[in-house]
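Laboratory data are not the source of any read-out in this text; all were calculated from the coordinates shown. This structure is a prediction, so every number in the text was calculated from the model and none was measured. Ideal geometry is used to build each Cβ from the backbone, glycine not excepted, and the neighbour counts take in all protein chains shown.
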Amino acid sequence: MATQYRCGTKGRRQKVLASDQLNGLDYLEVSADQTVLTLYFIHNLPGETDAVPPAPAPALTRSNVLIDGGVRIPTVKVVAVSTSENRLEVTVDQPGDFSRYRLRLVRSPINTEPPSGFDLQLAEIDFTFKVDCPSDFDCGPDEECPPVVLPEPEINYLAKDYASFRRLLIDRLSVIMPDWADDNPADVMTTLVELMAYTGDQLSYYQDAAANEAYLNTAHRRGSVRRHARLLDYRMHDGCNARAFVCFYFDGDGSVVLPEKTTLLTRGTSGSTTVDPTQLTTVISTERVEIFETMHALSLLRSHNIIRLYTWDDSDCCLPKGATRATLLNYDLDSGLPLNPPLALKVGDLLAFEEVISPTTGLANDANPAHRQVVRLTAVTPVNDSLANPPIPLLEVAWDEVDALAFPLCISATTAENETLTDVSVACGNVVLADHGRTLAPELIDVVVPATGRYRPRLKRGPLTQQGRLPIEGEGMALFDPEAPAAAALNWSLRDARPEITLQQNSSTWEPQRDLLASNRFAT
């Protein structure tokens with residue numbers, strides 16, 4: 001299946017035009033009665049003079065043409081085909097609807113690969129039967145790498161406390177006084193801003209405190225809201241920890257397994273990438289880092305550090321918004337040798353796409369950090385670019401519609417100085433899901449049970465991590481579903497979050513319950 005790019009040039013068509021072994025679709029025309037499609041090819045078709053591919057390649061028949069798509073009329077059958085030089089007239093049984101269709105050249109109705117001698121990228125084409133029909137609607141939006149639209153500055157008219165008043169004033173001053181920097185606490189302007197924010201906070205509290213805490217829809221204090229909600233038989237949650245996808249760059253031979261619950265730290269002051277386990281407590285206390293832990297094991301490969309995207313000899317290309325397929329390069333173009341080790345991606349693996357340089361300036365510092373997305377692969381197909389000498393090994397990968405790209409991902413571009421940029425965006429295969437928090441050894445205060453009174457043991461340290469859960473059919477609640485799209489791992493209900501703590505009693509492990517009165521008496 002071809003990878004659908006939005007490209008500014010037609011380099012692939014020029015290569016096929018220069019080849020005497022491969023043919024491909026050029027464009028398509030729809031007849032006035034919408035029942036005849038005229039396909040124009042780059043070369044003459046098999047069975048004609050100067051045909052490509054040459055004899056004894058068989059002529060195309062109606063079994064080699066497949067039309068799919070549509071919304072109201074999803075089934076459009078091919079009833080006859082006829083060839084003349086580089087044209088193929090396809091007669092269908094009925095016109096399609098107003099939605100988009102895709103015409104593909106296939107080997108047979110049960111084998112969707114392109115016929116022998118037809119280029120993989122030019123073996124299919126999107127079209128609509130109603131291209132010449134009048135319409136009252138506007139033209140479709142242009143999706144070819146649209147420019148970034150900067151958000152309008154927002155003014156929060158609901159600011160009611162010191163922090164929100166201070167942020168509101170600083171944001172407003174940053175708009176009307178762009179040369180003013182707010183990073184100096186001794187600045188006179190900063191002092192005035194904080195003075196006005198403090199005054200506004202006090203006035204707002206005096207104005208609202210007496211009446212606000214008495215009603216659920218106006219209470220500000222968490223304790224008041226929790227009590228009001230419990231009276232309505234609603235149990236408030238205690239938040240949830242953060243999750244993130246982490247990319248690893250591995251510089252070693254072979255494959256190394258990164259175990260589950262590996263401790264990860266945010267960047268500290270030392271700048272080192274690894275920490276001695278014996279010094280972990282010291283680093284955490286002195287460098288003020290945040291702690292994450294991996295949620296599953298991961299096999300690290302050097303070839304998965306940076307995976308280049310292949311554009312099939314075209315330039316000025318991008319993966320459009322909503323894309324669910326891409327072609328990965330399983331070859332080192334610089335050395336002309338296969339990757340060592342080769343790519344070992346498989347169905348179920350996580351793959352991260354990232355813009356690493358700006359498509360307008362070519363600088364890494366100007367890359368858009370919002371152009372990053374992780375997907376879970378649903379198909380991995382090895383293919384080759386047969387026009388290259390030697391043929392270039394590639395991987396065609398696909399992912400679920402839920403993980404469809406949320407933005408256009410630029411792959412190659414041309415700057416204003418006419419400089420060609422490649423590898424604007426790349427992929428990473430060493431991706432693991434991690435969440436915030438640190439696993440600690442069992443530690444309690446007042447372990448001895450008193451002879452009288454309630455036994456209320458306490459933890460030595462806090463706060464306790466609240467960890468999200470996802471319902472999995474047939475398996476109950478789990479931290480994440482390893483077979484679901486990557487987006488599902490970051491989307492859960494806060495009502496399903498539970499404290500990440502267990503109590504060991506002999507051979508039994510007790511887990512937290514939201515309400516003991518409403519839980520199963522045999523639950524552990």
For the chain the mean separation of alpha carbon contacts under 8 Å (6+ apart) over residue count, i.e. relative contact order in percent, is 12 percent
Once phi for every residue in the range 369-384 is put through the Karplus expression 6.51 cos²θ - 1.76 cosθ + 1.60 (θ = phi - 60°), the whole-Hz ³J(HN,Hα) values, with Gly and Pro written as x, are x, 6, 8, 9, 7, 10, 10, 10, 6, 10, 7, 9, 10, x, 9, 9
If one compares the long axis through the Cα atoms of helix 188-212 with the longest principal axis of the Cα atoms of the chain, the angle in degrees, nearest 10, works out at 70 degrees
Computed over the range 162-219, the relative contact order (Cα-Cα under 8 Å, seq sep at least six) in percent reads 37 percent
Nearest 10, in degrees from 0 to 90: the angle of helix 222-231 to the longest Cα principal axis of the chain is 80 degrees
Sorting 19, 409, 453 by the position of each Cα along the dipole of the chain (Lys, Arg +1; Asp, Glu -1; all at Cβ), the one nearest the positive end of that ordering is 453
Filtered hits (lysines, Cα-Cα < 28 Å from residue 321, offset >= 8 within chain) -> 10, 15, 130, 346
Taking alpha-carbon centroids only, the range 85-103 lies from the range 410-477 a number of Å equal to 51 Å
Helix-only [θ] at 222 nm, the chain, -39500 (n - 2.57) per DSSP H run of 4+, per residue, nearest 500, equals -4000 deg cm²/dmol
Computed about the Cα centre, the charge dipole of the chain from +1 Lys/Arg and -1 Asp/Glu charges at the Cβ has a magnitude in debye, to the nearest 20, of 2500 debye
If every Lys and Arg gets +1 and every Asp and Glu gets -1 at its Cβ, then about the Cα centre the range 162-219 yields a dipole, in debye to the nearest 20, of 140 debye
Contact order relative to length for the range 6-127, counting C-alpha pairs under 8 Å separated by 6 or more residues, stands in percent at 26 percent
Residue span residue 325 to residue 416: 0.36 nm per residue of separation minus Cα-Cα distance leaves a gain in nm of 29.8 nm
Options [x] 37.4; [y] 29.5; [z] 26.0 are given for mean projected area of the Cα convex hull in nm², and the computed one is [x]
Charge dipole of the chain built from unit charges on the beta carbon (Lys, Arg +1; Asp, Glu -1), centred at mean Cα; most positive-end Cα among 311, 437, 231 is 231
Length gained if residue 472 through residue 161 is fully extended, taking 0.36 nm per residue and subtracting the Cα-Cα distance, is 107.8 nm
For the range 25-38, in residue order, the Karplus 3J(HN,Hα) values (coefficients 6.51, -1.76, 1.60; θ = phi - 60°; whole Hz; Gly and Pro = x) are 5, 9, 7, 9, 10, 10, 6, 5, 8, 6, 10, 10, 10, 9
Within the range 18-104, the percent of DSSP beta bridges that are antiparallel, given to the nearest 5, stands at 95 percent
For residue 77, counting only aspartates and glutamates whose alpha-carbon sits under 15 Å away and dropping same-chain residues fewer than eight positions off, the answer is 68, 89, 93, 97
With +1 on the Cβ of every Lys and Arg and -1 on the Cβ of every Asp and Glu, the dipole magnitude of the range 343-431 about its Cα centre, in debye rounded to the nearest 20, is 240 debye
Note, the range 172-177: 3J(HN,Hα) by Karplus (6.51, -1.76, 1.60, θ = phi - 60°), whole Hz, Gly/Pro = x, goes 5, 5, 5, 7, 8, 10
